[in-house]
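*Asks:* Please read through the structure below; I'll follow up with questions.
The values are calculated or read from the model by the stated rules, or taken from the named source; none is laboratory data. Note that this is a predicted model, so its numbers are computed, not measured. Note that each Cβ is placed from the backbone with ideal geometry, even for glycine, and that neighbours are counted across all protein chains shown.
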Ligand code: M6R
């Protein structure tokens, strides 16, 4: 249940006791499991469990994990996708196996059984060899937990491109897809590389490499306390994470900006003036909210460092043969560090000779294993599906990185850099100020929560903020929303504006504010209700609601301006009675493409 936030449609559990594997599973929420007759029959002190987000086959009891092999000797839960499952299934059918689900996963326990029976050995590693042979024949991504009658006190786990961590306890050991899930039991974790096999029992953890040679691994101690992954008195994780942004930003800044000095010790010697000036371009590649961070900081990097910046969606970048070479720096943003498309884009960039930096919040996440350099945001665990503090902490971090590069390059005015740094250091206090708009936003949310469409407008950096505001709204309120560069509206989309429609305007760029005001005037004339987020000198009387945010340097204004928009989507979702933390169809970590 601690992993519910990742998004799922079915749940299941298998335990092993006295040579018998018992399974309880069904579509729907984890809490439904408590009432199943099958659950009451579960026995034992070793078990595997799963929340499934359907890929192959509809959400149903049969398609839920764990899956058993035909002889009911092996149970498996699987995250990821097996791309060659049809050919493997056909091979197994030819060998007498049958299948009851539509999943790709069901081939895995059967394949293990198949290889186990083909192995003449009788030693302790027989099951592990069968698992290895199975994994060698799988194409795709997987993290697997395997339970078997053949080794009743043990569990085997392995990962390839899907997350999995092992937690070391005292007289007990744990496995999970994510650190926060087991943080209340242990702080000592083993982080696994692809194709590392783990044989666990209550008292023992053994690691094997791809060739099944035993290896030793060090634990990583996680310093987050378990509270950080709890709701801490808030109704929802999302609200908690919005409210804790001052703290999260303080942590991000604290690790990177020491008074006036930027600190990126992990990059230091390699990011010389010579290297940075040799760059033809910087790519920022990411998905969803993280990609919106890229859009916000593109202008900052170009302006301060005078290097051309391209921002790309990872799922597009990876398939379009981008112009990337050793004169390119590629920066990958990912809160979870597990997003399949972002990791694939990173691998592609490396193949093409680029230097790669991963910016992530999750220590030891897959992306950090692939990138040349990893920089952590230190924002604390983000549990709600809708990303909030990850966005603001990434914008802060990327802005400090831009300043750091500009200082090495000598491309920006010293006084401008000093001013931005000063503004960054003031951000936590200013976010606290912005959070006070809570009540005003709640009132507006009550007014518009039944709307069908909402439009978000802005220019320049404000357009990037508008995009993120729009994404937040659709994710958790299910209201259709779109964002536009304000000046682009009259080239077609203004046809959608009619009496009573809601338009949200973002105006923090003093050079563009007058233009945006004119565009919003145009929608007001056509009957739109308006909410404006601004720190500029505007005539407030023309808008329905104006949320004043503190003045700040335009490069860091997204960090303040996004907060009222996060709250707006939150309160609309609450007003509609929706599950804010677990919006439909969405998963927290998108580990499949
Ligand atoms: O973990 P990542 O930052 O790589 O995730 C990328 C997107 O899936 C994520 O930002 C998604 O758009 C969020 N649900 C947005 O709130």
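*Asks:* Please determine whether any residue of the stretch 323-332 is within 14 Å of the ligand (Cβ to nearest atom) and surrounded by fewer than 22 Cβ atoms within 10 Å (Cβ to Cβ).
*Replies:* No - not one qualifying residue is present in the stretch 323-332.
*Asks:* Might you let me know whether the stretch 380-389 holds any residue that is buried (at least 24 other Cβ atoms within 10 Å of the Cβ) and more than 16 Å from the ligand (Cβ to nearest atom)?
*Replies:* Looking through the stretch 380-389, none of the residues is buried (at least 24 other Cβ atoms within 10 Å of the Cβ) and more than 16 Å from the ligand (Cβ to nearest atom).
*Asks:* In addition: Could you list all residues from the stretch 291-305 that are away from the ligand (no atom under 15 Å from the Cβ) and either part of a loop (DSSP other than H, G, I, E, B) or buried (at least 18 other Cβ atoms within 10 Å of the Cβ) (or both)?
*Replies:* 298, 300, 301, 304, 305
*Asks:* Condition first: within 16 Å of the ligand (Cβ to nearest atom), out of contact with any strand residue (DSSP E or B) (no Cβ under 7 Å at 6 or more places or on another chain) and either under 27 Å from residue 462 (Cα atoms) or assigned to a helix (DSSP H, G or I) (or both). Can you find one or more residues in the stretch 269-285 that meet it?
*Replies:* No, the stretch 269-285 contains no residue that is within 16 Å of the ligand (Cβ to nearest atom), out of contact with any strand residue (DSSP E or B) (no Cβ under 7 Å at 6 or more places or on another chain) and either under 27 Å from residue 462 (Cα atoms) or assigned to a helix (DSSP H, G or I) (or both).
*Asks:* Still on this model: If we scan the stretch 440-453, do we find a residue that is part of a helix (DSSP H, G or I), over 20 Å from residue 545 (Cα atoms) and in contact (Cβ under 8 Å) with a residue 24 or more places away in the chain?
*Replies:* no
*Asks:* Give the stretch 36-90 a look and list any residue that's farther than 24 Å from residue 116 by Cα and free of Cβ contacts under 8 Å to residues at least 12 places away in the same chain, or say none.
*Replies:* 37, 40
*Asks:* Among the residues of the stretch 306-322, how many are assigned to a loop (DSSP other than H, G, I, E, B) and within 16 Å of the ligand (Cβ to nearest atom)?
*Replies:* 1
*Asks:* Go through (1) assigned to a helix (DSSP H, G or I); (2) surrounded by fewer than 22 Cβ atoms within 10 Å (Cβ to Cβ) for residue 374 and report which single condition fails.
*Replies:* Residue 374 satisfies every listed condition except (1).
*Asks:* Return the pair list, or none, for Cβ contacts closer than 9 Å from residues in the stretch 144-165 that are on the phi > 0 side of the Ramachandran plot to residues that are assigned to a strand (DSSP E or B), at least 6 apart or on different chains.
*Replies:* Partner pairs satisfying both residue conditions: 161/80; 161/140; 161/141; 161/142; 161/143.
So that you can scan it fast, the table gives a plain yes or no per residue for (1) within 16 Å of the ligand (Cβ to nearest atom); (2) in a loop (DSSP other than H, G, I, E, B); (3) within 21 Å of the chain's Cα centre (by Cα):
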{"residue": "524", "(1), (2), (3)": "no, no, no"}
{"residue": "546", "(1), (2), (3)": "no, no, no"}
{"residue": "563", "(1), (2), (3)": "yes, no, yes"}
{"residue": "568", "(1), (2), (3)": "yes, no, no"}
{"residue": "573", "(1), (2), (3)": "yes, no, yes"}
{"residue": "581", "(1), (2), (3)": "yes, yes, yes"}
{"residue": "587", "(1), (2), (3)": "yes, yes, yes"}
{"residue": "590", "(1), (2), (3)": "yes, yes, yes"}
{"residue": "593", "(1), (2), (3)": "yes, yes, yes"}
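*Asks:* Something else now. Here are some residues: 490, 447. Which one is away from the ligand (no atom under 16 Å from the Cβ) and out of contact with any helix residue (DSSP H, G or I) (no Cβ under 9 Å at 6 or more places or on another chain)?
*Replies:* 447
*Asks:* Further question on the same structure: Of all residues in the stretch 484-509, how many are assigned to a helix (DSSP H, G or I), surrounded by fewer than 19 Cβ atoms within 10 Å (Cβ to Cβ) and free of Cβ contacts under 8 Å to residues at least 40 places away in the same chain?
*Replies:* The number of residues fulfilling the criteria is 7.
*Asks:* So for the stretch 419-432 (the condition being assigned to a loop (DSSP other than H, G, I, E, B), within 22 Å of residue 223 (Cβ to Cβ) and either touching a helix residue (DSSP H, G or I) at 6+ places or on another chain (Cβ under 8 Å) or more than 16 Å from the ligand (Cβ to nearest atom) (or both)), does at least one residue qualify?
*Replies:* no
*Asks:* From (1) within 13 Å of the ligand (Cβ to nearest atom); (2) buried (at least 24 other Cβ atoms within 10 Å of the Cβ), pick out the condition that doesn't hold for residue 341.
*Replies:* For residue 341, the exception is condition (2).
*Asks:* Please go through the stretch 250-266 and pick out each residue that is closer than 21 Å to residue 414 by Cβ and modelled with pLDDT under 90.
*Replies:* Those that are closer than 21 Å to residue 414 by Cβ and modelled with pLDDT under 90: 258, 259, 260.
*Asks:* Can you pull out every residue in the stretch 534-544 that is surrounded by 16 or more Cβ atoms within 10 Å (Cβ to Cβ) and in a helix (DSSP H, G or I)?
*Replies:* none
*Asks:* Of the residues that sit in the stretch 344-368 and are part of a helix (DSSP H, G or I) and closer than 25 Å to residue 2 by Cα, which one is nearest to the ligand (Cβ to nearest atom)?
*Replies:* Per the criteria, the residue is 367.
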